[in-house]
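*Asks:* The structure that follows is given in the form of structure tokens.
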Amino acid sequence: MNVPPTGRIESGDRLVLTRTLHAPLSGAWAAVTDPGRLARWYGPWTGDPSSGHVEVQLTAEDGAPREVLLIRRCDPPRHLAVTLGPGPGAWRVDLDLHDEDGAVTLRLSHRDPDPADLEAVGPGWEYYLDRLVAAETGGDPDAVDFARDYHPALAGHYRGLSQQIRRPG
């Protein structure tokens, strides 16, 4: 399977990827926030989101530890801003959902990605977003194959994008 890369750099400091879901806005929002729906393609979360954080276990990666996910902002059903992981290497990710004519465009924006990591991070987001689409269209997210279709196959595209990232300082 030949998976085309979709990521791009915007504003000099954001990796942006989009996917279209043919679903109502409420269904697309549930796909990225409901623990059962999220577990199908990304991983289950536990905890109380009203506390400002939950723990997520990535199910598609063997041996992946549980990670704290800090909820920076949540404006249902259109915007979710989270921080994945602790410390200075944490990932700041925003999800924005826009509906038009029965389809929802999901825009994932990864702020300030480390250029040295982009050739792995970009294919990783492509992989997880394609798992989301598979889960929401009745497909099998486990049939989406990272090693076969995403990395190293898309690494060159993201290596090229890393040159576009402006670092502060």
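*Asks:* State, as an integer percentage, the relative contact order of the stretch 49-165 based on alpha-carbon contacts under 8 Å between residues 6 or more apart.
*Replies:* Details: 160 pairs, mean separation 18.1, N = 117.
Computed value for the stretch 49-165: 15 percent relative contact order.
*Asks:* If you don't mind, there's one more thing I want to ask. Please work out the Cα center distance from the stretch 12-86 to the stretch 136-156, rounded to the nearest Å.
*Replies:* Rounded to whole Å, the Cα centres lie 19 Å apart.
*Asks:* While we're looking at this one, here's another question. Just the number, please: carbon plus sulfur as a percent of the accessible area of the stretch 1-109, 1.4 Å probe, no ligands or DNA/RNA counted.
*Replies:* Details: 3130 of 5730 Å².
Exposed carbon and sulfur together represent 55 percent of the surface.
*Asks:* With point charges of +1 on the Cβ of Lys and Arg and -1 on the Cβ of Asp and Glu, referenced to the Cα centre of the chain, which listed residue (LEU97, VAL16, GLY124) lies farthest in the positive direction of the dipole?
*Replies:* Toward the positive end, the furthest listed residue is VAL16.
*Asks:* Quick check: pseudo-label points 7 Å beyond the Cα along Cα→Cβ at ASP62 and ILE165, how many nm apart are they?
*Replies:* Computed distance between label sites ASP62 and ILE165 equals 2.8 nm.
*Asks:* By how many nm would the segment from THR46 to ALA116 lengthen if fully extended, with 0.36 nm per residue of separation less the alpha-carbon distance? The partial results should precede the final answer.
*Replies:* Numbers: separation 70, 0.36 × 70 = 25.20 nm, distance 3.12 nm.
Residue separation times 0.36 nm, minus the Cα-Cα distance, leaves 22.1 nm.
*Asks:* If you don't mind, another one. Could you look at the stretch 116-169 and say what percent of its accessible area is carbon and sulfur, using a 1.4 Å probe and all protein chains? Mind showing how you got there, number by number?
*Replies:* On the way: 1370 of 2690 Å².
Of all accessible area on the stretch 116-169, carbon and sulfur atoms account for 51 percent.
*Asks:* Turning to a different aspect of this structure: Which whole-number value in Å³ per residue fits the convex hull of the alpha carbons of the stretch 86-169?
*Replies:* In the stretch 86-169, the Cα hull volume divided by residue count equals 130 Å³.
*Asks:* Here's another thing I want to ask about it. Leaving ligands, DNA and RNA out of it, rank ASP62, ASP94, ASP13, ASP48 by accessible area with a 1.4 Å probe, largest first. Don't skip to the end; give the middle numbers.
*Replies:* On the way: ASP62 160, ASP94 10, ASP13 40, ASP48 80 Å².
Putting ASP62, ASP94, ASP13, ASP48 in descending order of accessible area: ASP62, ASP48, ASP13, ASP94.
*Asks:* Rank HIS110, HIS79, HIS22 by accessible area, highest first, at a 1.4 Å probe radius?
*Replies:* Numbers: HIS110 5, HIS79 30, HIS22 155 Å².
From most accessible down to least: HIS22, HIS79, HIS110.
*Asks:* Helix check for the chain. Which DSSP H runs span at least 15 Å along their own axis by Cα, with a mean Kyte-Doolittle hydropathy no less than 0.5?
*Replies:* none
*Asks:* Calculate one ³J(HN,Hα) per residue across the stretch 143-153 by plugging θ = phi - 60° into the Karplus curve 6.51 cos²θ - 1.76 cosθ + 1.60, and present them in order as whole Hz with x for glycine and proline.
*Replies:* 7, 6, 10, 4, 5, 6, 10, 10, 9, x, 4
*Asks:* Sticking with this structure for a sec: Compute the length gained on full extension between ARG72 and THR105: take 0.36 nm times their separation in residues and subtract their Cα-Cα distance, giving the result in nm to one decimal.
*Replies:* Details: separation 33, 0.36 × 33 = 11.88 nm, distance 2.13 nm.
Extra length from ARG72 to THR105 when fully extended: 9.8 nm.
*Asks:* May I pose another question? For SER26, SER50, SER162, give the ranking by accessible area with the largest first, probe 1.4 Å. Spell out each step's value before the answer.
*Replies:* On the way: SER26 80, SER50 105, SER162 15 Å².
Ranked list, largest accessible area first: SER50, SER26, SER162.
*Asks:* Based on the Cα gyration tensor of the chain, what are the three equivalent ellipsoid semi-axes, each the root of five times an eigenvalue, rounded to whole Å and given largest first?
*Replies:* Values: eigenvalues 101, 77, 58 Å².
Each semi-axis is the square root of five times an eigenvalue, giving 22, 20, 17 Å.
*Asks:* Divide by every residue of the chain the summed helix terms, -39500 (n - 2.57) for each DSSP H run of at least 4, and state the resulting mean residue ellipticity at 222 nm, rounded to the nearest 500 deg cm²/dmol. Please report the intermediate quantities before stating the final value.
*Replies:* Values: 5 runs with 47 residues, N = 169.
Helices in the chain give a 222 nm mean residue ellipticity of -8000 deg cm²/dmol.
The values are calculated or read from the model by the stated rules, or taken from the named source; none is laboratory data. The structure displayed is predicted, hence computed values, not measured ones. Ideal geometry is used to build each Cβ from the backbone, glycine not excepted, and the neighbour counts take in all protein chains shown. For accessibility, only protein heavy atoms count, side chains too; no ligands or nucleic acids. Shrake-Rupley method; radii C 1.70, N 1.55, O 1.52, S 1.80 Å.
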